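Report on one structure; see the data block that follows.
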Amino acid sequence: MRGFEYRILEEETPYTGRELRSGWARERVGYEGDVGVGFVGPCHVATDDLVDLDDAREGEHIHAALMAHVIIEHSGTDLETAVLRQRLLVVMLCEILARKGFAVERSGDDIFYDGRKLTVSIAAPGPQSTLIHLGINVDPEGSPVPAAGLQEMDVAPGELLAELLEAYRLETASVRHATRKVRGVP
């Protein structure tokens, strides 16, 4: 079984929420296993396209002039496992930013910088897989909430995406190894 693979897209790619669907990441990577795609592009998710039912009921929307996005697709996992993987991805981003000298705080699946929201994230079930989206503000202009962005932090979004997805690939390989190196207990 092959491990997690990913690709960083070169072209600017908008995110509308409709990209969070089974097969979208696999189409971009050209691989049928567990995959991730990183890309940079504007973000506008209308209320009708929100996956978070609480946010949709409140009439919320997501907007930023530019975000760095990660979409991850895992086969054969339940939603709780996907949420745990989503939280792991968010924690890994916190660790990377902390190593770069930024004091960020995490609350659930959200990251804040200087008291302002830096990320949006969701894990969702699909018909053939579970999916994770993590959006990191680059230029948060137009955000409906007080927001920070990588631009003000002078962090290159493409490099950050590559570092994050490689760390996630290594972590998932390590987890897979950990599940295979133990024997059952009575």
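Annotation: R2 fulfils all but one of (1) farther than 16 Å from T172 by Cα; (2) surrounded by fewer than 16 Cβ atoms within 10 Å (Cβ to Cβ); the unmet one is (1). Among the residues of the stretch 111-135, just one is within 15 Å of V35 (Cα to Cα), within 15 Å of the chain's Cα centre (by Cα) and polar (S, T, N, Q), namely T130. Based on this model, can you work out whether G36 counts as small (G, A, S), touching a Leu at 6+ places or on another chain (Cβ under 9 Å), under 14 Å from I8 (Cα atoms) and touching a residue at least 40 places away in the same chain (Cβ under 8 Å)? Here the answer is yes, as G36 does meet what is asked.
The set of residues in the stretch 134-174 being among the β-branched types (V, I, T) and outside any helix (DSSP H, G or I) consists of I136, V138, V145, V155.
Just the residues that are in a strand (DSSP E or B) and crowded, with 17+ Cβ neighbours inside 10 Å, please, taken from the stretch 66-108. I'd like the intermediate steps shown before the answer.
Going through the stretch 66-108, the residues in a strand (DSSP E or B) turn out to be 66-75, 104-107.
Passing the criteria: L66, M67, A68, H69, V70, I71, I72, E73, H74, V104.
On the basis of being in contact with a Gly (Cβ under 7 Å, 6 or more places away or on another chain) and part of a helix (DSSP H, G or I), does A25 make the cut? Yes, satisfied.
Can you tell me which residue within the stretch 175-186, out of those that are part of a helix (DSSP H, G or I) and out of contact with any Gly (no Cβ under 9 Å at 6 or more places or on another chain), is nearest to E80 (Cα to Cα)?
The initial filter retains those residues of the stretch 175-186 that are part of a helix (DSSP H, G or I), namely 175-180.
With out of contact with any Gly (no Cβ under 9 Å at 6 or more places or on another chain) added as a condition, the list becomes 175, 177-180.
Details: V175: 16, H177: 21, A178: 20, T179: 18, R180: 21 Å.
Among those that are part of a helix (DSSP H, G or I) and out of contact with any Gly (no Cβ under 9 Å at 6 or more places or on another chain), it is V175.
Taking the condition of being in contact (Cβ under 8 Å) with a residue 24 or more places away in the chain and either touching a Ser or Thr at 6+ places or on another chain (Cβ under 6 Å) or not in a strand (DSSP E or B) (or both), how many residues in the stretch 46-62 meet it? Qualifying residue count, the stretch 46-62: 7. Would you check if L161 is in contact with a Pro (Cβ under 6 Å, 6 or more places away or on another chain), crowded, with 21+ Cβ neighbours inside 10 Å and under 25 Å from R18 (Cα atoms)? So L161 fails the test.
For the stretch 113-144, taking the residues that are touching a Leu at 6+ places or on another chain (Cβ under 6 Å) and more than 19 Å from R85 (Cβ to Cβ), the one that is surrounded by the most Cβ atoms within 10 Å (Cβ to Cβ) is identified as N137. Among the residues of the stretch 11-33, is any touching a helix residue (DSSP H, G or I) at 6+ places or on another chain (Cβ under 6 Å), buried (at least 21 other Cβ atoms within 10 Å of the Cβ) and either under 20 Å from T172 (Cα atoms) or at pLDDT 95 or above (or both)? No, the stretch 11-33 contains no residue that is touching a helix residue (DSSP H, G or I) at 6+ places or on another chain (Cβ under 6 Å), buried (at least 21 other Cβ atoms within 10 Å of the Cβ) and either under 20 Å from T172 (Cα atoms) or at pLDDT 95 or above (or both).
What's the total number of residues in the stretch 93-112 that are of a type outside the set (D, E) and either free of Cβ contacts under 8 Å to residues at least 24 places away in the same chain or under 20 Å from Y15 (Cβ atoms) (or both)?
Taking the stretch 93-112 and keeping what is of a type outside the set (D, E), we get 93-94, 96-104, 106-108, 111-112.
If we keep only those that are either free of Cβ contacts under 8 Å to residues at least 24 places away in the same chain or under 20 Å from Y15 (Cβ atoms) (or both) as well, we get 93-94, 98-99, 101, 103-104, 106-108, 111.
Counting residues in the stretch 93-112 that are of a type outside the set (D, E) and either free of Cβ contacts under 8 Å to residues at least 24 places away in the same chain or under 20 Å from Y15 (Cβ atoms) (or both) gives 11.
The values are calculated or read from the model by the stated rules, or taken from the named source; none is laboratory data. This one's a predicted model, so the numbers in the text were calculated from it and none came from an experiment. Using ideal geometry, Cβ is built from the backbone for each residue, glycine included, and neighbour counts are taken over all protein chains shown.
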